[in-house]
Every structure is written in C-alpha cells, then in structure tokens.
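For reference, the structure discussed in these notes is given below.
What follows draws every value from the coordinates through simple rules; no lab data is involved. Because the structure is a prediction, the values reported are computed rather than measured. Here the Cβ positions follow ideal geometry from the backbone for every residue, glycine too, while neighbour counts run over all protein chains shown.
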Amino acid sequence: MNDEALLTELSFTVSGRVARPCAAVYEAVADPEQLSRYFTTGGARGRLEPGAEVTWDFADFPGEFPVTVVEAEPPRRIVIEWSGNATTGENGTTRTVFEFEPIDDDTRTLVTITESSWRPTPEGAKAAFGNCEGWTGMLSALKTWVEHGVNLREGFYR
C-alpha cells in the first residue's frame, strides 16, 4: 500500500431537504432560541456569528459544550468547531460545516452537514458514528420544526 492510499482522517456528510426558503432554514440553525426548541434540548446560548463562542447543552449528554463559530455567511454557510474524542484537530476539536442550498426557486432548502477531524482508529470511528447519528437526528428535528412547528426531540431523551 502506498502512502497516498492511507486513511488519515474520518469524516461524514448527511443531508436532507426542508420545504422552506434558505434564509428561514439558516435562521433556525443560527438563532439560539430556535435551536433550543428542536435540537439543543438543554439550551443554546449565543448566536452563530463569525468569531462567536457559544454553548450548547443536550439532555442526552448533559453539560455545556463550547462551540466556536469559524465562519457564518447568511443564508448559505456556517462552520463551527467543537471538542471531540479521538480527533485530528490541533485543539482536540472537530469541524462541522452546514451548507444551505436553495432549490425549487428557494421554496425548499438542501441542508448538508459535514463533520470531519477524527483519527482513523476504533475510538475515532466510534466518535464519528455517534456524531453522524446526532446530526442525522438534528436534520429530522430541523425539518419537523421548520415545516410544522413540532419539537421532534421533546421527551425523546428524558
């Protein structure tokens, strides 16, 4: 096996379509009040804006998680970094990129979430698979919240 074929980092991408305009879907992620209603079951503090340090709390993983906003380009892209296990990031972080693409004349939005920066080890794979599950659940909850005003995660973890 040559060096070019070696796996150096684990990453994943999940995506889904939400039947609302791009700006509305972006706002549902960037706004801590909305994010707290359907995803961060323990609350979100701080808007996802460039350079911001915000916190997210989850009922299924209690305790505040610091989140650093690397980029925010409304209504198309948000990039965050946050702590992870078995990461390749310099500070023990992973990088998550949210992309919002208008489709069908901006009546719907394709949301794509890519997270990267895990070591290609059993521990890194376990952490990556766990976060992949989390972001897939977030996309489902986002769709349900934005389209119908229903908190899909209510009562799910407690």
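Structure data summary
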item: Percentage relative contact order, the chain, counting C-alpha pairs under 8 Å, at least six apart; result: 28
item: Distance (nanometres) between label positions extended 7 Å along Cα→Cβ at F61 and D106; result: 3.4
item: Ranked packing of 20-29, 91-100, most packed first, by mean Cβ within 10 Å; result: 20-29, 91-100
item: Ellipticity estimate at 222 nm from DSSP helix runs (n ≥ 4, -39,500 (n - 2.57)) divided over the chain, nearest 500; result: -9000 deg cm²/dmol
item: Hull volume in cubic angstrom per residue (convex hull over the Cα atoms of the chain); result: 117
item: Between helix 122-148 and the chain: long-axis angle, C-alpha atoms, 0 to 90°, nearest 10; result: 10
item: Under-5 Å amide H pairs with G42, H placed in peptide plane, nonlocal only; result: D57, F58, A59
item: Segment T136-T8, extension gain: residue separation times 0.36 nm, minus the distance between their alpha carbons; result: 43.7 nm
